[in-house]
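A short write-up of the structure that comes next.
The values are calculated or read from the model by the stated rules, or taken from the named source; none is laboratory data. In this text, all values refer to a predicted model and were calculated from it rather than measured experimentally. Backbone-built Cβ (ideal geometry, glycine too); neighbour counts: all protein chains shown. These area figures cover heavy atoms from the full protein model, side chains too; ligands, DNA and RNA do not enter into them. Shrake-Rupley method; radii C 1.70, N 1.55, O 1.52, S 1.80 Å.
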Amino acid sequence: MVVLGIETSCDETGVALYDTEKGLLAHALYSQVAMHADYGGVVPELASRDHVRRLLPLTRQILAQSGLALPDVDAVAYTEGPGLAGALLVGASAAHGLAYALEVPAIGVHHLEGHLLSPLLADPAPEFPFVALLVSGGHSQLMRVDRVGDYTLLGETLDDAAGEAFDKSAKLMGLGYPGGPEIARLAAAGTPGRYKLPRPMINSGDLNFSFSGLKTAVLTAVRGQTLDDAARADLSAEVQAAIVDVLVSKSIAALEQSDLTRLVVAGGVGANRLLRDTLTSRAARRGYSVYYPDLEFCTDNGAMIAFAGALRLDQGVAGNAKAEPLGFCVRPRWDLAELSPPVGGLSSAR
Ligand code: KG4
Ligand code: ZN
């Protein structure tokens with residue numbers, strides 16, 4: 001079965017074709033980063049309008065790349081939430097329109113479930129159960145994943161997300177948006193420790209995070225200062241080290257407390273090289289293994305939505321296009337723990 005995946009929850013238009021037999025056939029992404037850069041963050045209305053412009057041309061592009069035509073599509077999966085309401089509506093309307101015309105199911109996918117399952121697209125893929133560290137611009141969560149749809153929250157951020165901490169610190173330092181890649185780039189030339197930033201809640205004993213204090217500490221460090229290149233690099237290195245220290249320490253604690261041996265890292269911050277290297281070496285010392293999506297599938301993309309949609313379809317989720325062809329909603333706020341396993345369940349993804 002061929003599933004078309006559509007991701008429009010924020011500032012990236014992502015589409016992909018996933019074949020349940022052959023795997024990922026094609027995917028394409030258009031990033032709006034340059035358009036939002038002047039504003040220092042995503043402007044929701046501009047994001048929605050740009051998704052309208054990009055979505056169908058990108059879909060035609062991946063169909064052509066895979067030598068398929070629309071009638072070859074057996075289901076259309078789209079991000080139903082969480083995300084920006086207007087941006088989500090673009091993907092949801094396109095998906096339902098296509099599904100209605102093709103008389104195939106439309107499957108609403110939870111964006112974070114897409115991220116969470118994206119490491120299963122990689123080779124080797126982790127087996128269930130595992131601990132997932134989900135770190136994006138809007139979320140920082142540790143989850144226990146027993147199978148598709150069976151997610152237990154172990155800990156989460158009490159305020160800012162890890163990606164948000166990167167983005168806000170970068171903004172305070174006068175760097176561009178998104179801040180994570182910028183800080184990571186500058187940090188390569190800097191030394192942590194010249195500036196001293198806190199590692200919030202690292203010894204709290206639970207699996208929750210808090211990153212808003214870090215942002216305040218960065219504000220204190222930069223206030224009244226003119227940062228030269230060396231200072232910016234050193235501060236970037238310290239911001240990155242502080243965030244990575246906390247994420248690594250809590251992830252290892254989550255493995256210990258849940259008695260699991262596999263850790264899966266997903267979401268945009270999972271692209272961070274220092275996080276990957278530190279987690280891999282700390283985990284290996286204790287006999288744990290860590291799994292990551294390919295770098296291109298860490299940040300938002302259509303492949304993870306097509307894949308999550310295919311898994312749910314495979315396991316008996318009928319989709320809602322046939323039952324209610326043009327009635328749909330989006331869920332800008334949607335708790336991952338509300339999801340339930342598909343009927344029939346499953347213990348291995350592929
Ligand atoms: O998952 P994602 O693409 O979108 C959301 O669903 O939020 O994550 C975006 C976040 C941004 O905060 C961005 O700064 C961060 O991921 N990010 C990084 C890196 N690449 C993206 N943070 C640290 N290091 C990176 N290399
Ligand atoms: Zn995301």
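Assorted remarks:
- Cut-off 20 Å (backbone N to label point 7 Å along Cα→Cβ of ASP228), residues of the range 184-222: 186-196, 221-222
- FRET efficiency estimate (nearest 0.05) - Cβ-Cβ, SER289 to ALA37, R0 41 angstrom: 0.65
- Straight-line reach from LYS250: taking Cα to Cα under 13 Å and skipping same-chain neighbours fewer than 8 places apart, the aspartates and glutamates in range are GLU156, ASP206.
- Centre separation in Å (Cα based) which lies between the range 134-207 and the range 18-76: 27
- Among ALA310, ALA221, ALA26, the largest mean-square fluctuation in a Gaussian network model of the chain, built with springs joining Cα atoms closer than 10 Å, belongs to ALA221.
- Accessible-area value, PHE130, 1.4 Å probe, nucleic acids and ligands omitted, Å²: 0
- Within the chain: Cβ-based charge dipole about Cα centre, in debye rounded to nearest 20 (Lys, Arg +1; Asp, Glu -1): 660
- Given their separation in residues at 0.36 nm each and the Cα-Cα distance between them, ARG199 and ARG49 gain 50.1 nm when the chain is fully extended.
- Taking 13 Å as the straight-line reach from the Cα of LYS171, the aspartates and glutamates in range (excluding those fewer than 8 positions away in the same chain) are ASP38, GLU182.
- Summing +1 for each Lys or Arg and -1 for each Asp or Glu among the other residues whose beta-carbon sits under 13 angstrom from that of VAL43 gives -3.
- Charge tally around ASP206: other residues with Cβ under 15 Å, Lys/Arg +1 each, Asp/Glu -1 each, net 0.
- Among beta bridges that DSSP assigns inside the range 124-292, antiparallel share in %, nearest 5: 60
- FRET efficiency for the ASP123 to LEU70 pair, using the beta carbon distance and R₀ = 45 Å, is estimated at 0.95.
- Of ARG286, ARG331, ARG223, the order by accessible heavy-atom surface (1.4 Å probe, DNA, RNA and ligands excluded), from most exposed downward, is ARG223, ARG286, ARG331.
- Nitroxide proxy distance, nm - points 7 Å out along Cα→Cβ at ALA85 and SER212: 2.3
- Estimated from the Cβ-Cβ distance and a Förster radius of 30 angstrom, the FRET efficiency linking LEU326 and LEU56 is about 0.95.
- Approximate shape of the chain as ellipsoid semi-axes (Cα gyration tensor, √5λ), whole Å, largest first: 35, 24, 16
- Within the accessible area of the chain (1.4 Å probe), percent carbon and sulfur: 51
- Crossing angle, helix 212-222 versus the chain [Cα axis fit, 0-90 degrees, rounded to tens]: 50
- Antiparallel DSSP beta bridges within the chain, percent to nearest 5: 60
- Solvent-accessible surface of protein heavy atoms, probed at 1.4 angstrom with all chains present, puts ARG232, ARG60 in the order ARG60, ARG232, largest first.
- In the complete set of protein chains, residue-level accessible area for MET201 is approximately 50 Å², probe 1.4 angstrom.
- CYS10 contributes an accessible area of around 40 Å² to the protein surface, as traced by a 1.4 Å probe with all chains present.
- Accessible area per residue (1.4 Å probe, heavy atoms of protein chains only) ranks ARG312, ARG49, ARG54 as ARG49, ARG54, ARG312, with the largest value leading.
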